[in-house]
Amino acid sequence: MDTALSVKGLRKSFGDRTVLNGVDFRVDSGELVVLLGANGSGKSTALRCVVGLTKPDAGEVKIAGKTSAAMVFQQIHLVRRRSVIDNVCAGGLAGLPLSRSLAPVLFPKELKERAMSCLERVGLADRARDKASKLSGGQQQRVAVARALCQGAKVLLADEPVSALDPAAAKQVMDLLAELAHEDGLAVAAVLHQPDLARRHADRVLGLLHGEIRLARPAGELSESDIDALYAPDLVVEA
Ligand SMILES: Nc1ncnc2c1ncn2[C@@H]1O[C@H](COP(=O)(O)OP(=O)(O)OP(=O)(O)O)[C@@H](O)[C@H]1O
Ligand SMILES: [Mg+2]
């Protein structure tokens, strides 16, 4: 498969705290990669550097085709008083200033059609006219995925997309992310705090520790000692 996202030598410090100290990884088209790591290990910072929300101190981010990746967040950030379809259309206007993309404009017909097909993709076409605030958390997260799809990016990043969801809704969102990789050929990278979900849904697992990718495994090979090494590194005696 083609490499859709490649990150090399990514470095970022905040003041004298070095958070990313040479992060290297790639995500291919058609695969779902999960990034694990303890609180504060720099997972969000790494994703934010990839989408350009944070400026890295050094390193290279290469995204094939389109110039940017789309991102979904743990805090879902829909405009709650607007309709579901308008929220998805806003993704298609990502290039415009926020004030314009959220103004009560009439979205062009072709954008509405694209948004509708993105809503179909996440299984929520029947809720298009509802206010976003009427949907459950899991449904809202799927709308956020649809909005990201509407940007047309080939690389989709998700920062803790299921942390606020119940287990059934979390499974639904993870199944969706896996389908977008396996069926639609997107390159998907998701930050999770649930190693079991990573094992069940991901193709590969990466682990961030001490500012570097210290773990890279096919998801099926993720072991308990891998997990201990990531989350309680002081307890692990090196062999
Ligand atoms: N804008 C910022 N200014 C200063 N420090 C920051 C900033 N953003 C992140 N940090 C610091 O960088 C470190 C990594 O933060 P980051 O949010 O990337 O971690 P994370 O792995 O996503 O953690 P979590 O699992 O809690 O979401 C933390 O020590 C955090 O305090
Ligand atoms: Mg984070």
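Readers should treat all values here as calculations from the given coordinates under stated rules, not as data from a laboratory. Bear in mind the structure is a predicted one, so any value in this text is a computation, not a measurement. Please note: Cβ atoms are built from the backbone with ideal geometry, for glycine as well, and neighbour counts cover all protein chains shown.
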field: Rounded tilt (10° steps) of 167-182 against the dominant C-alpha axis of the chain
entry: 90
task: Could you calculate the FRET efficiency of LYS109 with LYS134 from 1/(1 + (r/R0)^6), where r is the beta carbon distance between them and R0 is 30 Å, rounded to 0.05?
output: 0.75
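Assuming R0 = 22 Å, can you tell me the calculated FRET efficiency for the pair ALA64 and GLU183, based on Cβ-Cβ distance, to the nearest 0.05?
Working: r = 19 Å, r/R0 = 0.85.
Efficiency at R0 = 22 Å is approximately 0.70.
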task: Could you run the Karplus curve 6.51 cos²θ - 1.76 cosθ + 1.60 with θ = phi - 60° over the stretch 215-231 and give me ³J(HN,Hα) per residue in whole Hz, x for Gly and Pro?
output: 9, 8, 9, x, 4, x, 9, 5, 9, 5, 6, 4, 5, 4, 5, 7, 9
message: Output needed: percent of Cα pairs per 5 Å distance bin for the stretch 105-239, bins running from 0 to the one holding the longest distance.
response: 2, 9, 17, 19, 17, 12, 9, 6, 5, 2, 1, 0, 0
- prompt: How much of the DSSP beta bridge set in the chain is antiparallel, as a percent to the nearest 5?
  reply: 55
field: Burial ordering of ARG147, ARG82, ARG129, fewest other beta-carbon atoms within 10 Å first
entry: ARG129, ARG82, ARG147
message: If each DSSP helix of 4+ residues adds -39,500 (n - 2.57) and the sum is divided by the residues in the chain, what number results at 222 nm, nearest 500 deg cm²/dmol?
response: -10000 deg cm²/dmol
message: I'd like the distance between the alpha-carbon centres of the stretch 168-214 and the stretch 104-152, rounded to an integer number of Å.
response: 22
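Rg(Cα) of the chain divided by 2.2 N^0.38 Å? Present the calculation step by step, with values, prior to reporting the outcome.
Working: Rg = 18.0 Å, N = 239, 2.2 N^0.38 = 17.6 Å.
Its radius of gyration relative to the 2.2 N^0.38 Å reference: 1.02.
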statement: Ranked from fewest to most other Cβ atoms within 10 Å of their own Cβ, VAL84, VAL51 fall in the order VAL51, VAL84
task: Work out which GluC sites (Glu not before Pro) in the chain are exposed loop sites (DSSP not H, G, I, E or B, at most 11 other Cβ within 10 Å) and give the longest gap free of them.
output: 1-182
query: Placing +1 at every Lys and Arg Cβ and -1 at every Asp and Glu Cβ, with all other atoms neutral, what dipole size does the chain have around its Cα centre, in debye to the nearest 20?
result: 1280
- line: Fewest-first ordering of HIS201, HIS193 by Cβ atoms within 10 Å yields HIS193, HIS201
